[in-house]
Amino acid sequence: MNPDPKPAVYDGTFAGWCAACGCLLAKASAAPLYWRVGSDGDGEDLFENTEVPGRPADDSNLNLFFTLLEPAGGRKLVYDLLCVFLSEAPDRETLMFQMVQVSVALGQRGRRWHSRPDMRRAGMLIDRVRREAHRSKGLLRFVELRDGTLYARYAPSHDVTPLVAGHFRRRMPRQRWAIHDEVRHYGVVWDGAAFHEAEGFPQDMAESLTESESRYQACWRAFFRELEIPERRNLRLQRHFLPERFRKYLPELD
Amino acid sequence: MNTVASAIFPVTSGPVSPPCRINTLIPDDRLERKLGILAQSARYDVSCVSSGVSGAALRHAALGAPARSGICHSWTADGRCVSLLKVLLSNACVYDCAYCANRCSANVPRATFKVEELVSLTWEFYRRNYIEGLFLSSAIWSTPDRTMEAMVRVAEKLRYGHGFGGYIHLKVIPGASLEWIVRAGRVADRLSINIELPSERSLGMLCPQKSRAAILTPMLRIRDTLVEFAEDRGKGFRHVPRFAPAGQSTQLVVGATPEGDDTILRLSDALYRKVGLRRVFYSAYVPVGDDRRIPVLAPPEKLREHRLYQADWLLRFYGFTVEEIAPNEGEKLDARFDPKTAWALKHPEYFPVDVNRDDRERLLRVPGLGVRNVNRILQARHFGSIDAAALRRMGVVWRRARYFVQCGDYRPPRWHPEQLASRLADSGQHPEQLELGLFNES
Ligand code: SF4
């Protein structure tokens, strides 16, 4: 018989949640009453065998989680779970656990159960996060700092930096660049070989830029200006595609 | 850690390579003006698509990787997606095509890029994430071969000289020799040749120096080369060089000549089926001068262009044949409805379609159901019966679909084509919305 449901505690990271979930699945625990971020307390003891919760490379629960998930949807399922996590929705942990349960029970097709309200909500959150990540991949703008680093600031509606950073790692593998989320006050730096958490950001942008930066921005503006066909002007359509939160970072709209 | 885990938590090891920099020019006012002139000259080319290339195609590139689904980097004030540095290499044309702003008889400022200038702009714009890559076209400033050669040199310098892995689209110059076209295909992701006008007669009238053969011969040669490379890959040859992995496309000017939409759609259909084109782009003619060879100087027919894109979509993704959707000879598509609704109103005997039983082919013919809706319906059928409320939750355009589907206990109201036509036409879109998604193929 399943043990009684209890609240579950995890360390607030995606890796930590996966490890916690792996632990629950291994013990065939009932779905938790609710999820809470913390390291101790009255919840299910999720990390009893784990030395450092949330460190994926060392975490046996995490490996267990991925092993269990491999036949249930594998990489695609983990990506979808990550999207729900990055949506920052208040009920995200519960939804993620339901996604895992449905997938383990029904395999890959479980998550396509669009008439089930929780799967539909999960699908909607995944779409929103993917859309924001996709939009950010296009609308992020880098400027060149004096030390050669390319630096971009933005204010995404979801915490999409982990998805966006992976994209730029593939795209600019040999450049040094940094992405700064001004809403969540954190950033990542790619140094040409590995990611680091950013420790500080330029305060005075005008002072920090290279000589050629303003020239390239001017060229980009000149290019952009000339693309418009006045006979087809449609500012409403432009506003629809360029949300306000991105506009202040776009040099072409200066 | 197993493969799934490492995909989400990538750990990179190995030596740190120095940041990759090339010696790019610092632009001055002159280059800025030149860029303005050559961007303005290229703006009537509507294609700005950067999709269709496998991400692994240039794995060892120093800078740049194409995104499989394409990415838009900005939107112009007319609502068109900007994803490529779309410029002409030169606008100093020796030809005199009536509808073109760059024709030799037009009084416009002229400019020509140097190879290094264009390479620097592409590289630096890409680093700043302004663009996905380069879309290079050119006026014919000397012979077609010399023009094509200069364009290929820019692309080769980017690819081989600097290891640029971003998207490159090269426009093939009509009349260029096959040797240059093949070289272009080796460095470009996509090649295109503008077919310009829907009939040979119009081409002869408005572009006297271009011939049908000069446009079709390279198109067919590109098709054959694409087929050869695909066959070699199919035989398991490991080092088949890449050749225009995103295929070829073309553009048609709509409204500069009197052909109806039937001629345009039949031409597009033949280009898809016989020449294997990936895309045909339609560009509503924008008057750019007072050349008396252009019969009518009306405002651009944006709605007509939009309907042609919708019909084109039906040909490529919805299983319609050109005979089913083309209007009568010399006519335009019905401006009041999208072509699928127009077809449905002419075929009441085909409906209602049963959402819980009918196959994919029939579902795709229902107005208000897109490919994505149909996929969702087919998936959801595994879990039980679908009712009208579930359809609406799946994003179906119920306003239209409700006349054509049945599901669960829902039966559509009886309708007469003429009455329904006036009802559906009234609930049409606002003109501002017509272009939503038009240029944003991803
Ligand atoms: S050849 Fe091209 S650039 Fe020259 S006039 Fe004709 S369409 Fe214009």
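The values are calculated or read from the model by the stated rules, or taken from the named source; none is laboratory data. Keep in mind that what you see is a predicted model, and the values were worked out from it rather than measured. Note that each Cβ is placed from the backbone with ideal geometry, even for glycine, and that neighbours are counted across all protein chains shown. For accessibility, only protein heavy atoms count, side chains too; no ligands or nucleic acids. Shrake-Rupley method; radii C 1.70, N 1.55, O 1.52, S 1.80 Å.
If you go through the range B:88-105 and keep only what is of a type in the set (S, T, N, Q) and farther than 13 Å from B:Ser41 by Cα, you end up with just B:Ser105.
Yes or no: B:Arg212 more than 16 Å from the ligand (Cβ to nearest atom), assigned by TED's automatic domain parsing to the domain that holds B:Thr76 and surrounded by fewer than 23 Cβ atoms within 10 Å (Cβ to Cβ)? Taking the combined requirement at face value, the residue does not satisfy it. Residues in the range A:202-238 that are without any contact (Cβ under 8 Å) to a residue 40 or more places away in the chain, outside any helix (DSSP H, G or I) and closer than 23 Å to A:Leu145 by Cα: how many? Here the count works out to 2.
When we screen A:Asn63, A:Asn49 for residues that are more than 17 Å from A:Phe97 (Cβ to Cβ), at pLDDT 70 or above and touching a helix residue (DSSP H, G or I) at 6+ places or on another chain (Cβ under 8 Å), the only hit is A:Asn63.
Quick check on the range B:106-113. Is at least one of its residues modelled with pLDDT under 90, basic (Lys, Arg) and open to solvent by 10 Å² or more (accessible area, probe 1.4 Å)? No: the range B:106-113 contains no residue that is modelled with pLDDT under 90, basic (Lys, Arg) and open to solvent by 10 Å² or more (accessible area, probe 1.4 Å). Report the residue count in the range B:143-174 for those that are within 23 Å of the chain's Cα centre (by Cα) and within 15 Å of the ligand (Cβ to nearest atom). So the count comes out to 7.
Listed residues B:Ala176, B:Ala150, B:Ala184; which is part of a loop (DSSP other than H, G, I, E, B) and open to solvent by less than 30 Å² (accessible area, probe 1.4 Å)? Going through B:Ala176, B:Ala150, B:Ala184 in turn, the sole match is B:Ala176.
Residue count for the range A:30-46 under the criterion of being surrounded by 18 or more Cβ atoms within 10 Å (Cβ to Cβ) and at pLDDT 70 or above: the result is 2. Of all residues in the range B:202-223, none that is more than 14 Å from chain A (Cβ to nearest Cβ) and in contact (Cβ under 8 Å) with a residue 40 or more places away in the chain has its Cβ atom under 7 Å from the Cβ atom of a residue that is within 11 Å of the ligand (Cβ to nearest atom) and open to solvent by 60 Å² or more (accessible area, probe 1.4 Å), 6 or more apart or on another chain.
Of the residues contained in the range A:70-82, one or more are found to be touching a Phe, Trp or Tyr at 6+ places or on another chain (Cβ under 9 Å), at pLDDT 90 or above and not charged (D, E, K, R). Of the residues screened, A:Met205 is not one that is among the aliphatic types (A, V, I, L, M) and under 30 Å from A:Gln101 (Cβ atoms).
For the range A:152-168, state whether one or more residues are more than 9 Å from every other protein chain (Cβ to nearest Cβ) and polar (S, T, N, Q). Among the residues of the range A:152-168, at least one is more than 9 Å from every other protein chain (Cβ to nearest Cβ) and polar (S, T, N, Q), which makes the answer yes. When restricted to residues that are among the β-branched types (Val, Ile, Thr), more than 14 Å from every other protein chain (Cβ to nearest Cβ) and more than 16 Å from the ligand (Cβ to nearest atom), the range B:106-142 contains 1. Scanning the range B:84-105 for residues that are assigned to a loop (DSSP other than H, G, I, E, B), under 22 Å from the mean Cα position of the chain (by Cα) and more than 6 Å from the ligand (Cβ to nearest atom) gives B:Leu89, B:Tyr99, B:Ala101.
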